[in-house]
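A.B. asks: Below is one structure. I have some questions about it.
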Amino acid sequence: MSRVALGIVAVAAMLLAAPVARAQSAAQTAKDAASQAPAAVRPPPGGTISAADSVLEARTSALASTLRCPVCQGLSIQDSPSELAQQMRSVVRDHLAAGKTDREVRAYFISKYGEWILLSPQPYGFNLLVYALPVFLLVGGLGFVVMKVRSWTAVSANGVAAEGAAAAIAGQASEPEQGTASPVD
Amino acid sequence: MTRLVAVDALWFALIACAVGGIVAPIAIARGKRQWLPFAQAAVYANFALVTIATGAMMWALATHDFSISYVAQVGSRATPLFYTVISLWGALEGSILFWAWVLALYSAIVVYTNRNRPGNLVPYAASALLIIALFFHILLVGPANPFHLVSPVPLDGPGPNPLLQNHILMAVHPPLLYLGYVGMSVPFAFAVGALLSGEAGSDGWIRLTRRWTLLAWAFLAAAIIAGMWWSYEVLGWGGYWAWDPVENASFIPFLTATAFLHSVMVQERRGMLKLWNINLVVGTFALTILGTFLTRSGIISSVHAFTQGTIGYYFLAFIAVVLIGSAILIAGNSDSLRTDGRFDAPVARESVFLLNNLLLTVFMFTVLVGTLFPLVAEAARGVKVSVGEPFFNRMTLPVIVALLFLMGVGPALPWKRGSIEDLKVKMIPGTIVGVILAAIVLLLGTRNVYGVLAFAFAGFAGTLNIGEYVIGVRARRAAHGESVLTALRRLFGANQRRYGGYVAHLGIIVVAVGIAASSTFRTEREATLKPGETMTLGKVTARLKDVWGRNEPQRDVIGATVELLAASGEPYAVLSPRMNIYPMSDQPIPTPDVRSTPFGDTYMNLMSFREDGSSATIKIINEPLVPWIWFGGGVICLGALISGWPTRRSA
Amino acid sequence: MNWRRASIAVLGAVPVIALFAWGLTRDPNEIVSPLPGRQAPTFALGVFASGEGTLARPVGDTIALDRMRGQVVVLNFWASWCLACLDEHAELSAAALRYAERPVQFVGVLYNDVAAAGTNWIARQGGQAYPSVLDPGARTAIDYGLYGVPETFVIDGAGRVVYKHIGPVSAALLRMKIDSLLAASAVAPAAPALDGPR
């Protein structure tokens, strides 16, 4: 029993830790993305791209993936092949090159297009709901499942002890029917 | 003429559904079973009549009968016949007609194959199907009537939406989607039948329902994958899934149906989760109607959404009826839906199924909340917000990784009572494969947490599922001395449902690997080339040969011919990314060209061009393992086919 | 019979249904621009189509928002490939001519298009009364939070965006907006804006 609880807790911990890990990695997005950059943006043949350029490119694409393309519903300006999206991408690049922070660039686009331009709602105030509700359901659901499994197995343990023992013995014979060894039947 | 036949057929179908839908309940209530054949007849009549109406529409489309409003809306003399006929599902009214036809087809098959089944379950289920059909017929003679008379008759029409006449997959994806979506009506009808006939507590209806759910599920899976493929081949951004509301609408019921296919096994074996399962069936159906509502009412903006009208209110009323009616029916049967089984031990396959259902429900809920949140935020704050890819990726990737983990653990655990020690032993090869895959992915340079985790757990789950075949084949060989192939074949024969299920698992793992690889290792490059110039992306060297233009009856086409060069400088492939310019559309529709190999695609898009042909801007995207997604979709369907193939033994 | 559970389920459905019913009254594609009420983004763009008569500006001249303080500015984004722009073209020219003697400046901004296509288009429409400028890289369009063309902005004498119109605009609507701005500046001489261009 305690084992299954442990297993569930482990899965839960993994699930809950993941967004945290993500949040941490988000802080390092630029750095991470920068390390990928040589693959993402090949230097032109013969030419070279300086480290600063590839950092800029990586920051641009990371930021551009969070901004919504106004003419092609649902796609980011990083993904969209549309002309406006390409131009907005170059605005992002220029702003970053001019030394603005990600937050400032985002604020610029919000001031022009409204919050609508962000593909992921800003995580504060009312918007927290959209992040919190699934987590509540997960935590509540895990609690419910643990409770149910506990009560269902408790009944079985509570029943006649002999039944459990008999089942264990019979299990040797009957289990292959439904258990792992069924391929032989 | 065509118009009158079709309109009359629809009105008669409406009457047949209305009468047939109430005959069975009345007949059963009054003990007049001799009336029941009328309900059956209504189902067949409805199928015949809707077939006439649908055939009439296809005929009208093919013959350019612009006196019919739908033809005047989507038809055009210049459009090739094939695309004209499939524009039956290219706009709102035609798609509702097609929906009604698919529903009529399912109803007829359900009633025919169960015509000798005793009891009241099937008559009630037929009633439910007829009432659902009645709703669609009301739409067809009311707000979504495709057969309005147009006067004066126009000489030509604008043609279908350019995006919908740009690719052959438009002939595949929508029918599959409807077969999947509408197919979920059948389990729902059985659930209603079981609730009304008092059979909800027994397992008969669930066995009947299971295979129908599997069929609709497989169609839905195929439709989702085909939709991804269409998006990839047509939209020109090199991706296949954008978490667009319409994509989500097809995905949400798929998740609840997946949950049902697993939890139903717990009910069959242990007599448990009855209430949960019936809720999943009802919920899946309600979610298909909700998805249709979202895409047909214009309530949420989306690439694929059709134009709006009053139709949204009809759907809303129908959703309300379905939800309230089901809630009352389920409450009325709460005694027979009470769980009477119990678990032998916490560590057993049952528990994994519970967790799997929890995660699938959380997954479904996350996508649903994210899809509806813009509406909620606008209602609450008066501000429009977007919920798109970054949100969905962040929120669902942990769940997906956990599901992959369970997909490996579940098959490795026996029913009733498992042991942690056995499980640990079984998990060793999977863990090794997972760790190796993670290491390889890390060495290849990615630092994306979920990319690494997805590869690791896909490897883990894949190994454990394959391991089940190995164990089974070994056992057979030891017991019967069969050859490997015979043993494998008999393994499937002896337990097709279980081993078919593992095939579906492997399909999903293949899809997961394809998605993980293509999103983690995608590279792209854009360059403006003059004819003769080359550009390089990774191992791909491309040379622009020329830029050309061509007039087709329904559109103008601008294209670039680009050669892919081998190391020797010899071209080994030619790609022709194009832009199609339709008269009724502001912007050109990009048409990428793709060269596929088993290990990845070279995806090429024409971004812009000089009108004199002196240069073109080409974007090349290197898409590793993307074909695995389409292949995996096929494997999923194969698994469902093996699993659900009717045999005398299981029938 | 578990009526309690049933009523909870029904009650849970009510707000969702209500939300959808409310949502059906909204247009999902209508996104409120944050610009009206705020200072208009500045621009200085080169003329490629001169306009006609007294409104004409030489090709190559720079039109800058900063130099138009005190004037009502009507900024219209358009393109030669834009079908809806055909509908509003005559209305815009008519409105521009109507206010030719007043402190009102109409400016067309060509969006994602080349100058040659723009001048051809103007010629085919029989001319355009006011000058049009080029917007390289769509920088100004993005500054104005453009979704598509046509979009029209009305800017007051103090350089504030007063109104944004999406889709083809009508002369009557423009007249209403411009008249109210002119009237407001007439009754408020205490805050005279700077003089017109240069």
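The values are calculated or read from the model by the stated rules, or taken from the named source; none is laboratory data. Every value quoted in this text rests on a predicted model; they were computed, and no experiment measured them. In this analysis, Cβ positions are derived from the backbone assuming ideal geometry, glycine residues included, and neighbour counts consider all displayed protein chains. Note: accessible area is taken over every heavy atom of the protein model, side chains too, but ligands, DNA and RNA are not part of it. Shrake-Rupley method; radii C 1.70, N 1.55, O 1.52, S 1.80 Å.
A.B. asks: I want to make sure I understand the PRE zone here: with the label point 7 angstrom from the Cα of residue B:444 toward its beta carbon, which residues in segment B:578-622 have backbone N atoms less than 18 Å away?
C.D. replies: So the set is B:596-603, B:621-622.
A.B. asks: Each residue of segment B:322-339 in turn: what ³J(HN,Hα) in whole Hz from Karplus with 6.51, -1.76, 1.60 and θ = phi - 60°, glycine and Pro shown as x?
C.D. replies: Each residue of segment B:322-339 in turn: 4, 5, 5, x, 5, 4, 5, 4, 5, 4, x, 10, 4, 5, 6, 8, 5, 6 Hz.
A.B. asks: For segment B:378-494, which semi-axes, largest first and in whole Å, follow from the square roots of 5 times the eigenvalues of its Cα gyration tensor?
C.D. replies: Taking √(5λ) for each eigenvalue gives 39, 19, 14 Å, largest first.
A.B. asks: So, with a 1.4 angstrom probe, what is the percent of accessible area on chain B that is carbon and sulfur?
C.D. replies: C and S atoms contribute 65 percent here.
A.B. asks: While we're looking at this one, here's another question. Please list B:180-191, B:343-354 highest first by mean number of surrounding beta-carbon atoms within 10 Å per residue.
C.D. replies: Output ranking for B:180-191, B:343-354: B:180-191, B:343-354.
A.B. asks: Something else: Once both labels are modelled 7 Å past Cα along the beta-carbon direction, what's the residue A:111-residue B:528 spacing in nm?
C.D. replies: Each label point is offset 7 Å from its Cα along the Cβ direction, giving 3.0 nm.
A.B. asks: Report the FRET efficiency, 1/(1 + (r/R0)^6), for residue B:423 and residue B:647, where r is their Cβ-Cβ distance and R0 is 41 Å, rounded to 0.05. Let's see the in-between values first.
C.D. replies: Working: r = 31 Å, r/R0 = 0.76.
For R0 = 41 Å, the calculated efficiency reads 0.85.
A.B. asks: From a point 7 Å beyond the Cα of residue B:556 in the direction of its Cβ, which residues of segment C:120-147 have a backbone N at a distance under 18 Å?
C.D. replies: C:120-125
A.B. asks: Would you please give the residues with an amide H less than 5 Å from that of residue C:49, counting only those at least 5 places away or on a separate chain, with H modeled from the backbone geometry?
C.D. replies: For residue C:49, the qualifying residues are C:132.
A.B. asks: Also, I was wondering about something else. Show me you know the interface measure: the accessible area buried between C and A, both chains summed, probe 1.4 Å, in Å² to the nearest 100.
C.D. replies: Using a 1.4 Å probe on protein heavy atoms, the buried area is about 1500 Å².
A.B. asks: Another one. Can you work out D for the protein assembly as shown in µm² s⁻¹ from Stokes-Einstein, where Rh is the Kirkwood radius over C-alpha pairs, the temperature is 20 °C and the viscosity is 1.002 mPa s?
C.D. replies: Approximately 68 µm²/s, per Stokes-Einstein.
A.B. asks: In nm, what is the difference between 0.36 nm times the number of residues separating residue B:8 and residue B:436 and their Cα-Cα distance?
C.D. replies: The span from residue B:8 to residue B:436 would gain 147.5 nm if fully extended.
A.B. asks: Right, another one. Once you have the Cα-Cα distance between residue B:19 and residue B:539, take 0.36 nm times their residue separation minus that, and quote the gain in nm to one decimal.
C.D. replies: Taking 0.36 nm per residue and subtracting the Cα distance, the gain is 180.5 nm.
A.B. asks: Using only helices, what value at 222 nm comes out for the protein assembly as shown when you add -39,500 (n - 2.57) per DSSP H run of length 4 or more and divide by the total residues, to the nearest 500 deg cm²/dmol?
C.D. replies: -20000 deg cm²/dmol
A.B. asks: What is the gain in length, in nm to one decimal, between residue B:595 and residue B:202 on full extension, counting 0.36 nm per residue of separation less the C-alpha to C-alpha distance?
C.D. replies: Extra length from residue B:595 to residue B:202 when fully extended: 136.1 nm.
A.B. asks: Sticking with this structure for a sec: Taking the Cβ of residue B:386 as the center, what net charge do the other residues with Cβ under 12 Å away carry, scoring Lys and Arg +1 and Asp and Glu -1?
C.D. replies: Working: positive: A:68, B:384; negative: A:115, B:244, B:378, B:389.
Residues close to residue B:386 contribute a combined charge of -2.
A.B. asks: Among all the lysines, which ones have a C-alpha under 19 Å from residue B:426's C-alpha, if same-chain residues fewer than 8 places away are not counted?
C.D. replies: The qualifying lysines are B:416.
A.B. asks: Further question: In terms of modelled amide H atoms, which long-range or inter-chain residues lie less than 5 Å from the amide H of residue B:537?
C.D. replies: B:542
A.B. asks: Once you've got the Cα coordinates, tell me which of B:384/C:177; B:539/B:619; A:112/B:619 are over 18 Å apart.
C.D. replies: Beyond 18 Å between Cα atoms: B:384/C:177; A:112/B:619.
A.B. asks: Sticking with this one: Considering only C-alpha atoms, what is the centroid distance from segment B:146-191 to segment B:438-507, in Å?
C.D. replies: 39 Å
A.B. asks: Using a Gaussian network model of chain C whose springs link C-alpha atoms within less than 10 Å, name the residue from C:23, C:51, C:60 with the highest mean-square fluctuation.
C.D. replies: C:23
A.B. asks: When Rg is the radius of gyration of the Cα atoms in chain B and Rh is its Kirkwood radius, what does Rg/Rh come to?
C.D. replies: Reported Rg/Rh, Kirkwood definition of Rh: 0.99.
A.B. asks: So which residues of segment B:369-394 lose at least 50 Å² of accessible area, probe 1.4 Å, when you go from the chain by itself to every protein chain present?
C.D. replies: Buried-area filter returns B:373, B:375, B:378, B:381, B:384, B:386, B:390, B:391, B:394.
A.B. asks: Among rounded, prolate and oblate, which fits segment C:44-187 when a ≥ b ≥ c are the square roots of the eigenvalues of its C-alpha gyration tensor, a/c under 1.5 means rounded, and a/b larger than b/c means prolate?
C.D. replies: Rounded, since a/c falls under 1.5.
A.B. asks: Along the Cα→Cβ direction, 7 angstrom out, place labels at residue A:148 and residue C:124. What is the inter-label distance in nm?
C.D. replies: Between residue A:148 and residue C:124, the simple spin-label model gives 6.5 nm.
A.B. asks: At 1.4 Å probe radius, can you tell me the per residue accessible area of segment B:95-162 in Å²? Walk me through the intermediate numbers first.
C.D. replies: On the way: 2430 Å² over 68 residues.
Computed with neighbouring chains in place, this is 36 Å² per residue.
A.B. asks: If you don't mind, another one. Return the value, in Å² to the nearest 100, of accessible area buried between chains A and B (probe 1.4 Å, both sides summed). Walk me through the intermediate numbers first.
C.D. replies: On the way: alone 13000 and 28250 Å², together 35020 Å².
Separately minus together, A and B give about 6200 Å² buried.
A.B. asks: Residues with amide H under 5 Å of residue C:38's amide H, sequence separation 5 or more or different chain, H placed in the peptide plane at 1.01 Å from N; which?
C.D. replies: It is C:161, by chain and number.
A.B. asks: Within segment C:63-87, whose backbone N sits under 17 Å from a point 7 Å along Cα→Cβ of residue C:147?
C.D. replies: C:77-78, C:83-85
A.B. asks: Return the FRET efficiency for the residue pair residue B:81, residue B:572: r is the Cβ-Cβ distance, R0 is 56 Å, and the value is rounded to the nearest 0.05.
C.D. replies: Values: r = 36 Å, r/R0 = 0.64.
FRET efficiency, residue B:81 to residue B:572: 0.95.
A.B. asks: Assuming R0 = 56 Å, can you tell me the calculated FRET efficiency for the pair residue C:54 and residue B:62, based on Cβ-Cβ distance, to the nearest 0.05?
C.D. replies: The calculated FRET efficiency here is 0.45.
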